[in-house]
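Shown next, in structure tokens, is the structure this report addresses.
The values are calculated or read from the model by the stated rules, or taken from the named source; none is laboratory data. From a predicted model like this one, the values you see are computed outputs, not experimental measurements. Neighbour counts run over all protein chains shown; Cβ positions are idealised from the backbone, glycine included.
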Amino acid sequence: MSLPPGFLDELRGRASLSQVVGRKVIWDQRKSNQGKGDMWAPCPFHQEKTASFHVDDRKGFYYCFGCHAKGDAISFIRETENVDFMEAVEILAGEVGMQMPERDPRAAEKADRRTRLAEVMEQAVRYFRLQLNTGAAAAARDYLAGRGLNAAALERWEIGFAPPGWQNLWDHLTGKGVSPELMLGAGLAKPSDKGRNPYDVFRNRIIFPIRDGRGRAIAFGGRAMDPGENAKYLNSPETELFDKGRSLYNQARAREAAGKAGPLIVAEGYMDVIALAEAGFDAAVAPLGTAITETQLQLLWRIHPEPVIALDGDSAGLGAARRLIDLALPLLEAGQSLRFALMPAGKDPDDVIRDGGAGAMRKLLENAQPMVQILWQRETEGRVLDSPERKAALDRDLRNAIARIKDPSIRGHYGEEIRRLRWELFGQRRGAAPARGKWRRRDAGPSFQPATKQSALVLAPPQFEEELREAVILATLLTHPALLPEFEVEIERLHCVTRDHARIRNALLNHVDIADPDRLHAAVGDALGPGPLEKLLGLSHVQIAPPLLDRTDTQKAALCLAEELAKLDAVRGAAREIEDAMNDLSGFADEGVTWRLSQVAEARNRAGRGDTEDRNEYDLAPNGARMKRDERSAFDRLLEQIDFAKGGRRPS
């Protein structure tokens with residue numbers, strides 16, 4: 001929808017920013033000067049006790065000197081209400097009494113339809129609430145009482161019940177004059193494939209309404225009462241109102257509470273959120289049946305700069321926490337991160353609160369670990385580091401993880417903390433500063449001699465080959481999903497050079513349990529949209545890859561996948577070995593060493609291209625990269641030269 005010239009200027013001129021902001025903050029009366037429109041308050045966007053949030057009412061702008069949030073009345077509504085630009089304009093126009101201009105007929109029709117769908121959802125909320133008081137819901141009431149929910153809590157959370165039977169809600173809404181098309185569009189019913197009337201999505205389930213940031217009912221979650229049901233928890237299908245990857249359970253209430261009652265807590269399910277809120281932790285949310293998406297992560301950061309991830313203390317919860325790290329690393333900013341409160345083994349937040357009360361949960365939250373600790377735990381847990389090669393593999397994996405951080409300052413601090421942890425792990429004396437070198441801040445860069453700077457090794461290696469191999473790996477898994485569990489660890493550690501590849505990898509890891517190629521393709525497409533998959537599968541080198549030419553031979557696909565992963569690791573391993581060598585030289589390189597490095601660079605460039613040559617002519621470098629034997633000798637002499645440059649023995 002386009003707005004006429006001057007409309008926004010008039011809207012901003014009529015609106016009082018201090019009134020708009022005043023609904024969300026408590027002004028500091030000592031610091032504010034209302035007569036001059038100079039207002040101060042604790043910031044609504046991040047947790048603080050001091051009044052660092054400034055509103056200049058005359059100019060119509062706000063700015064926080066703590067988190068640097070800034071904008072006008074429209075942007076403030078967008079951020080605090082979690083709405084898009086046009087919705088914020090409509091809200092502000094309604095407050096100041098301005099008539100919105102005529103909308104585009106298509107846009108108006110779409111908005112009107114969404115309004116009708118939301119009204120149908122509210123009717124469904126009321127129906128499910130009434131059903132909880134019937135005889136058919138006796139077992140559901142007993143279950144909820146056993147979870148510690150009294151009548152007031154049931155009312156507060158609008159918990160309901162969908163009775164057994166195929167068309168209870170359908171018949172009820174039809175009797176109220178609701179059209180079948182709206183019921184289907186709202187995701188309340190599904191069409192029958194047997195020529196019968198559509199049937200209810202939710203049957204014999206406890207119902208949890210899901211509301212958006214503005215409080216509108218957009219979906220439902222249902223817990224099965226029949227232990228034989230395939231899905232214990234079931235969410236509404238995605239509709240015009242509901243996008244599960246962009247929604248959070250309890251979003252509106254948590255946004256209001258965040259910063260007032262402690263940090264924002266991210267739990268795994270409805271009952272965890274309800275248990276947390278009932279115990280006094282009102283700022284609690286949960287994703288809706290999927291791993292946290294990038295959109296949800298950005299939404300969490302809009303509510304609070306450092307959410308605490310409180311996941312179940314089982315293998316699935318730990319796995320989810322560790323996958324979340326890979327999603328979050330490239331998005332980290334100063335003051336914007338995650339902390340992790342891991343529950344005791346086999347327990348979720350609800351269990352912790354029922355067993356130990358709010359105090360036990362508060363203690364876990366206070367001891368929440370920073371993300372760098374969980375990253376370190378992920379990379380070191382279960383590893384036996386009793387050889388130089390195994391230690392080098394740990395270094396490699398940690399380097400790969402830290403390299404994904406875009407912010408150079410954060411990347412440097414992560415490197416320093418990892419150095420400290422590594423120093424402790426390998427038994428060095430405590431208190432001694434770890435030597436800089438392999439964990440040198442990448443943005444600082446090594447100090448090279450002029451001749452060394454001209455070496456091709458200093459230049460960033462081309463990523464084209466890596467991107468090609470990644471594409472074949474991901475496409476193979478899409479077409480042979482039965483291989484996902486076998487290669488899950490390798491794929492989890494795969495550092496993708498493109499954003500789309502990373503998103504496809506994460507989506508694959510979120511659907512490891514799907515063994516049917518069509519179902520997996522549909523699930524990944526639903527998560528990412530059709531664009532990334534169409535681009536990946538449309539690449540010519542992907543289309544001619546053996547696993548895609550023959551989609552029936554899973555054994556051949558497994559061999560091809562293992563080979564591609566090995567070649568990719570070899571290429572990257574050689575590049576890292578050279579980079580480490582250059583870092584370790586740190587100013588001691590001479591012309592001879594530079595020449596030797598150039599020879600290794602050539603070997604690196606051939607590491608993934610020796611498929612048709614005699615394999616007997618090849619050997620392995622310390623990092624696993626393939627080199628010809630004469631090149632390997634040059635590589636060994638290079639390492640001797642490095643030892644001498646660093647004060648070791650003289651090379652032979």
When you scan the stretch 277-377 for helices (runs of 4 or more DSSP H) that lie fully inside it, which ones turn up with 3 or more residues that are aromatic (Phe, Trp, Tyr) and modelled with pLDDT of 95 or more? none
Evaluation of residue 367 against (1) surrounded by fewer than 18 Cβ atoms within 10 Å (Cβ to Cβ); (2) within 18 Å of the chain's Cα centre (by Cα); (3) of a type in the set (S, T, N, Q) (one fails), failing number: (2)
Go through the residues of the stretch 364-378 one by one and say whether even a single one is touching an Asp or Glu at 6+ places or on another chain (Cβ under 7 Å) and touching a residue at least 24 places away in the same chain (Cβ under 8 Å). yes
If only one of 472, 497 is at pLDDT 85 or above and closer than 30 Å to residue 534 by Cβ, which one is it? 472
For residues in the stretch 4-33 being touching a Pro at 6+ places or on another chain (Cβ under 7 Å) and closer than 17 Å to residue 95 by Cβ, which is surrounded by the fewest Cβ atoms within 10 Å (Cβ to Cβ)? 7
Among the residues of the stretch 320-340, what is the count of those that are on the phi > 0 side of the Ramachandran plot and β-branched (Val, Ile, Thr)? 0
Would you check which residues across the stretch 378-387 are modelled with pLDDT of 90 or more and in a helix (DSSP H, G or I) and list them? 379, 380
If I ask for residues that are under 17 Å from residue 203 (Cβ atoms) and polar (S, T, N, Q), which ones from the stretch 125-176 would you list? 131, 134, 167, 168, 174
Subset of the stretch 209-251 [of a type outside the set (A, V, I, L, M, F, W, C) and either within 16 Å of residue 190 (Cα to Cα) or touching a His at 6+ places or on another chain (Cβ under 8 Å) (or both)]: 221, 222, 235, 236, 237, 238, 239, 240
For residue 269, are the conditions met, namely being within 17 Å of the chain's Cα centre (by Cα) and closer than 29 Å to residue 115 by Cβ? no
Output yes when any residue across the stretch 261-277 is outside the structural domain of residue 224 (by TED's automatic domain parsing), touching a Cys at 6+ places or on another chain (Cβ under 9 Å) and either farther than 28 Å from residue 146 by Cβ or touching a residue at least 12 places away in the same chain (Cβ under 8 Å) (or both), and no when none is. no
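Residue-by-condition table, conditions (1) under 20 Å from the mean Cα position of the chain (by Cα); (2) over 20 Å from residue 322 (Cβ atoms); (3) in a helix (DSSP H, G or I); (4) modelled with pLDDT of 85 or more:
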residue: 505; (1), (2), (3), (4): yes, no, yes, yes
residue: 512; (1), (2), (3), (4): yes, no, no, no
residue: 518; (1), (2), (3), (4): no, yes, yes, yes
residue: 523; (1), (2), (3), (4): yes, yes, yes, yes
residue: 527; (1), (2), (3), (4): yes, no, yes, no
residue: 533; (1), (2), (3), (4): yes, yes, yes, yes
residue: 536; (1), (2), (3), (4): no, yes, yes, yes
residue: 542; (1), (2), (3), (4): no, yes, yes, yes
State whether the residues of the stretch 384-407 include one that is touching a strand residue (DSSP E or B) at 6+ places or on another chain (Cβ under 8 Å) and not assigned by TED's automatic domain parsing to the domain that holds residue 278. yes
Criterion first (crowded, with 23+ Cβ neighbours inside 10 Å and aromatic (Phe, Trp, Tyr)) does residue 220 satisfy it? yes
Does the stretch 480-500 contain at least one residue that is under 20 Å from residue 238 (Cβ atoms) and surrounded by fewer than 20 Cβ atoms within 10 Å (Cβ to Cβ)? no
Residues of the stretch 390-410 that turn out to be among the basic types (Lys, Arg) and in a helix (DSSP H, G or I), as a count: 4
Which of the following residues is of a type outside the set (S, T, N, Q), in the same structural domain as residue 178 (by TED's automatic domain parsing) and surrounded by fewer than 17 Cβ atoms within 10 Å (Cβ to Cβ): 84, 38, 112? 112
Considering the stretch 481-501 alone, what residues qualify as being in contact (Cβ under 8 Å) with a residue 40 or more places away in the chain and either in the same structural domain as residue 400 (by TED's automatic domain parsing) or assigned to a helix (DSSP H, G or I) (or both)? 482, 483, 490, 492
